[in-house]
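The values are calculated or read from the model by the stated rules, or taken from the named source; none is laboratory data. These numbers come from a predicted model, not from an experiment. Ideal geometry is used to build each Cβ from the backbone, glycine not excepted, and the neighbour counts take in all protein chains shown. Please note that ligands, DNA and RNA were not included when accessible areas were found on the heavy atoms of the full protein model with its side chains. Shrake-Rupley method; radii C 1.70, N 1.55, O 1.52, S 1.80 Å.
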Amino acid sequence: AQQHAVEVMLYVLEFIAVASTLGTNSLNIRRSTTISCLTCHQDNVLEDNIPILSIPIFQNTSASLQKILECESLPLANAPICHVCSCRRESLSKLCFSNLGSVLIIQLKRFRYVEGSSSKDCSPFQCTPFIEVPTHVEQEISFVRKFTLIAVINHTGTLNNGHYTCFVKDGGIWWNCNDKAVVQGSLTMLKGALPYILFYKAI
C-alpha cells in the first residue's frame with residue numbers, strides 16, 4: 001500500500017520521543033515567530049517545537065531557508081488577532097530558530113491541496129551539501145549552526161501513486177537505495193531526482 005513518507009517519519013519520531021529524551025533533544029526544532037502589529041506597534045512572540053521543518057522550493061536548501069527567515073508582511077485577511085488591539089491588524093511576521101538539535105529534518109513543500117485533491121510541484125531543487133542556520137537565544141545571543149547533508153528521500157509520481165528512493169551517506173560514501181537495489185554512487189546522483197525530505201547532521 002502507498003504510504004506517505006512524512007507520516008511514517010512523524011510516527012517514528014513520536015516513538016523516539018516516548019522512548020528517549022536524548023533522541024527528542026537531538027531532533028527538536030524550536031521556532032520563535034514575532035508578530036508585530038503595524039497599528040499599535042506591539043510584538044507578540046509565539047514559540048513552538050516541531051520535529052520536521054517544512055520549507056518552500058526555492059533554488060536550493062540555503063536559499064529556501066533564507067526565504068523563510070525573511071520578514072513577511074501579513075495583510076489583514078491573513079493577519080492574526082492583535083493581543084492589544086483585540087482585532088485583526090496588518091502585521092509583520094519574523095521567524096527565527098531558538099534551538100536546533102543535532103539532526104535537522106527538512107520537508108520540501110512539493111504537494112498542494114485544493115478542494116480535497118493534491119497537485120505536485122516538480123521544480124528542480126539543489127540539496128546544498130553544507131548549510132549554515134542562524135540561531136537566536138532570547139534575541140540577545142546569536143550564533144550559526146553548521147550542518148552537512150547525510151540523506152535524501154526522493155519522490156516520483158503522485159501522492160497517491162508514487163515511488164520513493166533514498167540517497168544515504170555512510171562513512172563518506174553515498175549509496176543509492178531503490179527498493180532492494182543498493183548501489184554506490186555520489187552526490188551527482190541527485191541531479192534529475194526530485195528530493196522530498198532532506199536529512200542534515202550538525203558538524
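Structural remarks
- With contacts taken as Cα pairs under 8 Å and at least 6 residues apart, region 128-179 reaches a relative contact order of 23 percent.
- Neighbour net charge for residue 150 - beta-carbon separation under 14 angstrom, K R +1, D E -1: +2
- Entry for Cα Rg over 2.2 N^0.38 Å (calculated from the structure that is shown) out of (i) 0.99; (ii) 1.05; (iii) 1.13: (iii)
- In a reduced charge model with +1 at each Lys and Arg Cβ and -1 at each Asp and Glu Cβ, the chain shows a dipole moment near 420 debye about its Cα centre.
- Under 12 Å, Cβ to Cβ, from residue 200 - net charge with Lys/Arg +1 and Asp/Glu -1: +3
- Residue order for 83, 163, 4, 155 - accessible surface, 1.4 angstrom probe, largest first: 83, 163, 4, 155
- Cα centroid separation, region 82-140 to region 159-179 (Å): 25 Å
- Translational D in µm²/s for region 1-75 (Stokes-Einstein at 20 °C, 1.002 mPa s, Kirkwood Rh from C-alpha pairs): 140 µm²/s
- Whole-number percent relative contact order across region 41-170, with pairs defined as alpha carbons under 8 Å at least 6 apart: 21 percent
- Cα lying deepest toward the dipole's positive end in the chain, options 134, 117, 177, charges on Cβ: 177
- Probe 1.4 Å - accessible area at residue 148, Å² to nearest ten: 20 Å²
- Label-point gap, in nm, between residue 114 and residue 191 - each point 7 angstrom along Cα→Cβ: 3.4 nm
- Residue 68 sits among other residues whose Cβ lies under 13 Å from its own Cβ, and their net charge, with Lys and Arg +1 and Asp and Glu -1, is +2.
- Region 81-166: trypsin sites (Lys or Arg not before Pro) in DSSP loop, at most 13 other beta carbons within 10 Å: 109
- In region 1-88, the GluC sites (Glu not before Pro) that fall in loop regions by DSSP, at most 12 other Cβ within 10 Å: 70
- Rg/Rh for region 92-194, where both radii come from Cα atoms and Rh is the Kirkwood radius: 1.04
- Accessible surface ranking for 106, 16, 1.4 angstrom probe, highest first: 16, 106.
- Proximal lysines to residue 201, defined as alpha-carbon separation beneath 22 angstrom and excluding residues fewer than eight positions away on the same chain: 67, 109, 146, 169, 191
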